[in-house]
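Asks: Just dropping this structure here.
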């Protein structure tokens, strides 16, 4: 399983925001720090704000800060925002016809079980767990 770029960027945005807290951060700063397109980050920051993870302020001196304490932001919830679904495989062919093996195949149930285990682990960790070594992380990122 591979996370989408969206999920990756959302986690990076939240990590850098936590490291800069309580100061505001801008999309341009995150883009520069990680070498990510500003265009891609705008949607991520907008969605994180709309979902209650960031507080944004427009205009001069604007930017964003965390809306919740890092210990209250579960990684599983962030990944769920960025992934289309928790389903690893759909049992359809290219024309949306059900797979002929569906009545007897167990692959979907095995993969669904694996995805549930993945999210169960992600739900055990928070943003605070990712930024425990704040001074080292700030040094590595040049913050």
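Each value in this text was obtained by applying a stated rule to the coordinates, not by laboratory testing. Just so we're clear, the structure is a prediction, and the values are computed from it rather than from any experiment. We place every Cβ from the backbone using ideal geometry, glycine too, and count neighbours over all the protein chains shown.
Asks: How do 36, 60 rank when sorted from fewest to most other Cβ atoms within 10 Å of their own Cβ?
Replies: Result, fewest neighbours first: 60, 36.
Asks: Next question, about the same structure. Sequence gap at least 6, Cα distance under 8 Å: using those rules, report the relative contact order of region 23-83 to the nearest whole percent.
Replies: 29 percent
Asks: Provide the FRET efficiency to the nearest 0.05 for the residue 113-residue 57 pair, computing r from the beta carbons and using R0 = 35 Å.
Replies: Computed FRET efficiency for residue 113 and residue 57 comes out at 0.20.
Asks: Sorted by packing (mean other beta-carbon atoms within 10 Å per residue), highest first, where do 61-71, 101-111, 13-23 land?
Replies: 13-23, 61-71, 101-111
Asks: Please give the contour-minus-distance gain from residue 3 to residue 42: 0.36 nm per residue of separation, less the Cα-Cα distance, rounded to one decimal in nm.
Replies: Gain on stretching residue 3 to residue 42: 12.2 nm.
Asks: Just to be sure I understand the model, the point goes 7 Å from the Cα along the line to the Cβ. What's the resulting residue 143 to residue 97 distance in nm?
Replies: 5.3 nm
Asks: If we count other beta carbons within 10 Å of each Cβ, what is the order of 84, 29, fewest first?
Replies: 84, 29
Asks: Evaluate the relative contact order of the chain (contact order divided by residue number), counting alpha-carbon pairs under 8 angstrom at least 6 apart; express in whole percent.
Replies: 29 percent
Asks: Using the count of nearby Cβ atoms within 10 Å as a rough guide to exposure, how do 75, 143 rank from fewest to most?
Replies: The order, fewest Cβ neighbours first, is 143, 75.
Asks: Given labels modelled 7 Å from the Cα in the Cβ direction, how far is it in nm from residue 105 to residue 26?
Replies: Rounded to a tenth, the inter-label distance reads 5.0 nm.
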